[in-house]
1. Residue check, S123 against (1) of a type outside the set (F, W, Y); (2) under 30 Å from T2 (Cβ atoms); (3) in a strand (DSSP E or B), all met but one. Which one?
2. Suppose we keep only residues that are in a loop (DSSP other than H, G, I, E, B) and open to solvent by less than 80 Å² (accessible area, probe 1.4 Å) within the stretch 138-166. Which one would you say is modelled with the highest pLDDT?
3. Do you know which residues across the stretch 176-197 are in a loop (DSSP other than H, G, I, E, B), open to solvent by 70 Å² or more (accessible area, probe 1.4 Å) and either among the hydroxyl-bearing types (S, T, Y) or on the phi > 0 side of the Ramachandran plot (or both)?
4. Please determine, by comparing only the residues of the stretch 10-45 that are aliphatic (A, V, I, L, M) and more than 20 Å from G153 (Cα to Cα), which one is surrounded by the fewest Cβ atoms within 10 Å (Cβ to Cβ).
5. Just one of the numbered conditions (1) in contact (Cβ under 8 Å) with a residue 40 or more places away in the chain; (2) open to solvent by 40 Å² or more (accessible area, probe 1.4 Å); (3) closer than 21 Å to A46 by Cα is not true of L68; which one?
Amino acid sequence: STSSYSAAQYNELIAQNASIAGLSVNRDYSLEELLYALILPSGADAAMALENYCEDNNISLTEEMNKLSKELELKDSSFVNTTGLHDEKLYTTLEDYTALIVDTLKNDTGKKILKTMVYYGESGTYQSSLYALYHNGYVDVLGGKTGFTYEAGLNLAVLYQVNNRAYLLLLANADGEYYMHNNINDALKIFEYLYGE
């Protein structure tokens, strides 16, 4: 199955200062490639293409997201869009986000995507937004995801391993612009504090 997104949707994302994976408008992408483009570089354009695919199949992706939220018993989460862009009615907590990541890691496809550093698709290459954290000198980074809005700040979830034991680090609301990577710097400081000599 494939899906695409329109020039109007692209323009809307640019106007909202959304993070995009660089998908071409009106070009069909495999659902697998769209999932990697969504997770690795946090592509809102991939979110739109996936939403379009669902709509073409009479499925509301945001409704499905909220159904999953109820199934996982997330107590303080509400989803009103697929891009994660700011909306007063879109929210979650670190506790709920942890539960969502743990559930994703139980799914073979979700785990594989979260643990990918670079994905070479048929139409492009997508690099994890955690790329700068992989070679940190303290821990073995297994994967994860970053996120940013002006309202929520710089955030990250990173799965890492030390002495054959896996851990999950979640950080939220670091100051700065998207390109400043203060969330990555905060993770490095924590790794240095916990595992430095």
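The values are calculated or read from the model by the stated rules, or taken from the named source; none is laboratory data. The structure displayed is predicted, hence computed values, not measured ones. Positions of Cβ are generated from backbone atoms using ideal geometry, with glycine treated the same way; all protein chains shown enter the neighbour counts. Note: areas computed on protein heavy atoms with side chains; ligands, DNA, RNA excluded. Shrake-Rupley method; radii C 1.70, N 1.55, O 1.52, S 1.80 Å.
1. So the condition that S123 fails would be (3).
2. Residues of the stretch 138-166 in a loop (DSSP other than H, G, I, E, B): 138-139, 150-152, 163-164.
Remaining after also requiring open to solvent by less than 80 Å² (accessible area, probe 1.4 Å): 139, 152.
Working: V139: 98, A152: 93.
Taking the candidates together, the pick is V139.
3. Looking only at the stretch 176-197, we keep the residues that are in a loop (DSSP other than H, G, I, E, B), and these are 176-177, 181, 196-197.
Next cut, open to solvent by 70 Å² or more (accessible area, probe 1.4 Å) only: 181, 197.
If the condition is that a residue be in a loop (DSSP other than H, G, I, E, B), open to solvent by 70 Å² or more (accessible area, probe 1.4 Å) and either among the hydroxyl-bearing types (S, T, Y) or on the phi > 0 side of the Ramachandran plot (or both), then H181 is the only one that fits.
4. Restricting attention to the stretch 10-45, the residues satisfying the condition of being aliphatic (A, V, I, L, M) are 13-15, 18, 20-21, 23, 25, 31, 34-35, 37-40, 44.
Applying the additional criterion that residues be more than 20 Å from G153 (Cα to Cα) yields 23, 25, 31, 34-35, 37.
On the way: L23: 24, V25: 15, L31: 12, L34: 28, L35: 20, A37: 27.
So the residue we want is L31.
5. Of everything listed in (1) in contact (Cβ under 8 Å) with a residue 40 or more places away in the chain; (2) open to solvent by 40 Å² or more (accessible area, probe 1.4 Å); (3) closer than 21 Å to A46 by Cα, L68 misses just condition (1).
One line per residue, one yes/no per condition, for (1) within 16 Å of A157 (Cβ to Cβ); (2) modelled with pLDDT of 95 or more; (3) over 17 Å from the mean Cα position of the chain (by Cα):
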| site | (1), (2), (3) |
| --- | --- |
| A47 | no, yes, no |
| L72 | yes, yes, yes |
| E88 | no, yes, yes |
| K115 | yes, yes, no |
